[in-house]
Amino acid sequence: MLQVDNLTAAYGQVSVLHGISLKVQKGQVVTLIGSNGAGKTTTMRAISGMLAPTAGSIRLGDQDITGLPAHRISRLGVAHSPEGRRVFPTQSVRDNLLLGAFSRLTFGGRKRGDVEGDLERSLDLFPRLRERRDQLAGTLSGGEQQMLAMARALMLQPDVLLLDEPSMGLAPILVEEVFAIIRRLKETGITMLLVEQFAGAALAVADYGYVMENGRISVEGPALQLQNDPKVRAAYLGGGHA
Amino acid sequence: MAILLQLLLSGIALGMIYAVIAFGYQSTFATSGTLNFGQGEALMLGALVGLSLAGTISGGPYLNYWVMIPPVLIFGALQGIVVERVAVRPAIKTRSEFGWIMSTIALGIIFRNVAENVWGRDDLPFPSPLPTEPLHFLGASVLPMELLVVVGALLMMVGVEVFNRRSIYGKAVVATASDRDAAGLMGINTSLVITFSYALSSMTAAFAGVLIAPVTLTGASMGTALGLKAFAVAIIGGLNSGLGVVVGGILLGVAETTTGFYVSTGYKDVPGLVLLLLVLSVKPSGLFGKTTIKKV
Ligand SMILES: Nc1ncnc2c1ncn2[C@@H]1O[C@H](COP(=O)(O)OP(=O)(O)OP(=O)(O)O)[C@@H](O)[C@H]1O
Ligand SMILES: [Mg+2]
């Protein structure tokens, strides 16, 4: 479904990704883990078009999407719930969700389908948002904003969902809730690339995993295998550089 | 008392024109962080194109005043697109932080020169579509055209606000204004949104031009002072507050008419500038300027 080959990316002159290759198959949940500054967010940003890669290729299905602007990649079916939530603070929860479906509601976009029905279903999935549907997103708590960012990304009915640290800054009970939702999404057969600081929990829901270090993939394998890899365990229990 | 009321009413009419132009400054600033310093020239071009269509200067009138408005709005929108493509987009692309200031000023000067060559340097009369007989109201007299200015300006602003709140395209504009990268992730073509906001801003200015032309002097130099004062209004009211520009516009308009009458017309531009300096030193984000809510 999504295939990244030898991707390199830079911020200005500073090169950050040095040849990343990864693959997410249809219906799979794949996780990307690694210490702070490893380049996980940058990889996500390059895939969704927020940052133009300097070399390498990104394919979505049989289409080459390398270097396309973000709005075109979104229209091709990649939804990205970015690091730091990035909800639209001056607009209501409902408007944020409708904006998630922008490509479906407008001319030349994705298949429209039942946007109102999807909105109802996402409010079912995130009941905290239902009570607050008319509240401005900027007045939600951090946890609620995170739920909104995920729900908004789902409104695209994406072929591939990119989730960047959906548990960032959340209380333990909410982290549990987020992972429960990820498991439910997985049951619906969604294709997902998940970046998480809770590597253990991420590997537990994922089918496959990649470990990133300093802009490179250092280890990859089926999630179960990574969970038992002593080097991975050491790095994510001790936080050192295995 | 009647005189004060008179000054208030004239001040409000003038202030609403400032507000409409300031509204245009806001619309491009919100989406792109840039302004069209040729906004006054957009107003002037709108008025002169309107005059060519509805006036007698070029063998017309070809259209009556009301029918002339839609083509002028379209002309304004196209002129805004030219400004964005020629003066702003290159600066945004190269991430030149201040390039757009010089280039929009330069383009404004070019537009003024073109207008001088096409329509001449002299002020031209603009036929009024409404009776020029003033209405009397508690001892004050109001031109019907002044009422039209206020109503038209309000309608324009309310119309844009409704578009922003109700339609998915308007919501996309607001989203682009609050977080351009995130808006791109929603599938919104944000550079198109910026082009659109320039079209909108010049369109509102052109509209202000045909509203004010019948009650003022119409000519190539009519826009410069208006554009500058509206800029002051946008700063006084706050670059991100719709209510702010209406209040700021009226404040400035009334300050000008009262100073002009009680002090001297020679000083009528002073209060606005004093107001501007005061606001900048006390509340730099403008009287109604919001500091955005951000949660970490
Ligand atoms: N906007 C930016 N400008 C310059 N350098 C950046 C920018 N964003 C990230 N970097 C640098 O790129 C590197 C990778 O950052 P990235 O955000 O991709 O890491 P990450 O793996 O997502 O980390 P974290 O777990 O902290 O979110 C870091 O060294 C960071 O300092
Ligand atoms: Mg990150």
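Scanning segment B:107-133 for residues that are closer than 14 Å to B:LEU217 by Cβ and among the hydroxyl-bearing types (Ser, Thr, Tyr) turns up just one, B:SER128. So for segment A:93-108 (the condition being under 21 Å from B:LEU192 (Cβ atoms), open to solvent by less than 10 Å² (accessible area, probe 1.4 Å), assigned to a helix (DSSP H, G or I) and in the same structural domain as A:ALA46 (by TED's automatic domain parsing)), does at least one residue qualify? No - not one qualifying residue is present in segment A:93-108. Put simply, of A:LEU22, A:LEU32 the only residue that is touching a Lys or Arg at 6+ places or on another chain (Cβ under 6 Å), under 25 Å from A:ASP229 (Cα atoms), in the same structural domain as A:TYR236 (by TED's automatic domain parsing) and aliphatic (A, V, I, L, M) is A:LEU32. When B:LYS268 is tested against (1) within 30 Å of A:GLN146 (Cα to Cα); (2) open to solvent by 20 Å² or more (accessible area, probe 1.4 Å), only condition (1) is not met. Yes or no: A:THR54 away from ligand 1 (no atom under 16 Å from the Cβ), in contact with a strand residue (DSSP E or B) (Cβ under 9 Å, 6 or more places away or on another chain) and free of Cβ contacts under 8 Å to residues at least 60 places away in the same chain? When the stated conditions are applied, A:THR54 does not pass them. Within segment A:1-50, which residues are within 14 Å of chain B (Cβ to nearest Cβ), within 16 Å of ligand 2 (Cβ to nearest atom) and not aromatic (Phe, Trp, Tyr)? Residues satisfying the conditions are A:THR41, A:THR42, A:MET44, A:ARG45, A:ALA46, A:ILE47, A:SER48, A:MET50.
Here's the yes/no breakdown for (1) open to solvent by 10 Å² or more (accessible area, probe 1.4 Å); (2) without any contact (Cβ under 8 Å) to a residue 40 or more places away in the chain:
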{"site": "A:PRO127", "(1), (2)": "yes, yes"}
{"site": "A:ARG132", "(1), (2)": "yes, yes"}
{"site": "A:LEU156", "(1), (2)": "no, no"}
{"site": "A:ASP159", "(1), (2)": "yes, no"}
{"site": "A:SER167", "(1), (2)": "no, yes"}
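Out of B:GLY120, B:GLY159, B:GLY170, one residue alone is away from every other protein chain (no Cβ under 13 Å), closer than 22 Å to B:PRO70 by Cα and surrounded by fewer than 19 Cβ atoms within 10 Å (Cβ to Cβ). It is B:GLY159.
Is it the case that A:VAL211 is within 16 Å of ligand 1 (Cβ to nearest atom), in a strand (DSSP E or B), open to solvent by less than 20 Å² (accessible area, probe 1.4 Å) and closer than 30 Å to A:HIS18 by Cβ? When the stated conditions are applied, A:VAL211 passes them.
Residues in segment A:34-50 that are in a loop (DSSP other than H, G, I, E, B) and on the phi < 0 side of the Ramachandran plot were compared, and the one that is farthest from ligand 1 (Cβ to nearest atom) is A:MET50. Reported count of residues in segment A:6-30, each being assigned to a loop (DSSP other than H, G, I, E, B) and on the phi > 0 side of the Ramachandran plot, is 2.
The values are calculated or read from the model by the stated rules, or taken from the named source; none is laboratory data. Since the structure is predicted, the reported quantities are computational estimates derived from the model, not experimental observations. Ideal geometry is used to build each Cβ from the backbone, glycine not excepted, and the neighbour counts take in all protein chains shown. Note: accessible area is taken over every heavy atom of the protein model, side chains too, but ligands, DNA and RNA are not part of it. Shrake-Rupley method; radii C 1.70, N 1.55, O 1.52, S 1.80 Å.
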